[in-house]
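This report concerns only the one structure given below.
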Amino acid sequence: MSALLEAFDERKRQARHYLSVVITAERMSSLSAASRSQSRRLLTLRAGTFLLLYNIVEASTRSVIEAIHDKITTEQVPFDKLSLVLRQETIRRYKRNADDTTDHDWQDFPASFVAIALNEEVKLSGNVDARLIRSLGNAYGFECYTDKARTWNGSDLVTIKECRNDLAHGLKTYEDVGKEYPAKDLLAITRRSLAFMREITANIETFLTAQRYLR
């Protein structure tokens with residue numbers, strides 16, 4: 001198993017452990033008359049699931065994109081050997097910080113300039129969902145197909161993102177979010193979203209192994 005998939009599976013184990021805590025808390029609450037503090041703790045745990053899941057989604061997305069950058073720069077792939085979409089992405093990233101007064105001959109764009117372009121930080125903060133991942137797939141050339149029956153094509157990621165952002169920006173309280181999502185719903189969202197992210201990670205592993213970043 002690749003380092004990318006191993007790292008993802010470790011994050012997945014952490015999520016499963018957290019969900020087991022939420023499920024246990026909900027079960028205990030249903031077996032007896034829960035106090036106000038117990039109910040609030042349960043709602044907080046439920047809502048916290050979205051923070052954990054979003055962190056996994058964003059961290060995993062950043063890791064796979066950085067893996068592509070690292071592969072290309074480590075191998076010192078020259079610009080003209082990259083695939084068309086990656087040449088376009090490299091130019092786009094390079095131009096962000098380039099001196100517009102300098103005239104570049106893009107056909108002779110050296111490997112060192114590719115490294116500079118791809119060395120820019122991957123900025124995702126709070127914006128990752130399936131649509132953004134598919135846009136990255138278009139920009140880099142990796143496959144975004146997943147098993148729809150298992151992943152719902154990543155449609156849960158927008159729910160995860162929105163709940164996370166509502167909590168992070170104070171638009172909703174933990175109790176507000178927790179009331180909307182019982183443990184069984186959180187378990188289903190977790191299974192589908194992590195299945196989607198694992199398949200995307202596997203797709204990128206194939207992309208790197210098969211050197212599909214080359215023209």
Residue among 63, 20, 39 that is assigned to a helix (DSSP H, G or I), open to solvent by less than 60 Å² (accessible area, probe 1.4 Å) and over 19 Å from residue 182 (Cβ atoms): 63
Within segment 144-169, track down each residue that is among the small types (Gly, Ala, Ser) and under 30 Å from residue 30 (Cβ atoms). 155, 168
Do we find a residue being surrounded by 14 or more Cβ atoms within 10 Å (Cβ to Cβ), touching a helix residue (DSSP H, G or I) at 6+ places or on another chain (Cβ under 6 Å), within 12 Å of residue 195 (Cα to Cα) and at pLDDT 95 or above anywhere in segment 138-147? yes
Filter segment 117-136 for residues that are more than 12 Å from the chain's Cα centre (by Cα) and open to solvent by less than 100 Å² (accessible area, probe 1.4 Å); the one that is modelled with the lowest pLDDT is 120
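Can you tell me which of 188, 210 is over 30 Å from residue 84 (Cα atoms) and without any contact (Cβ under 8 Å) to a residue 24 or more places away in the chain?
On the way: 210 fails: over 30 Å from residue 84 (Cα atoms).
Only one candidate passes the filter, namely 188.
The values are calculated or read from the model by the stated rules, or taken from the named source; none is laboratory data. Not measured: the values here are computed from a predicted model. Ideal geometry is used to build each Cβ from the backbone, glycine not excepted, and the neighbour counts take in all protein chains shown. Just the protein is used for accessible areas: all its heavy atoms, side chains included, with ligands, DNA and RNA removed. Shrake-Rupley method; radii C 1.70, N 1.55, O 1.52, S 1.80 Å.
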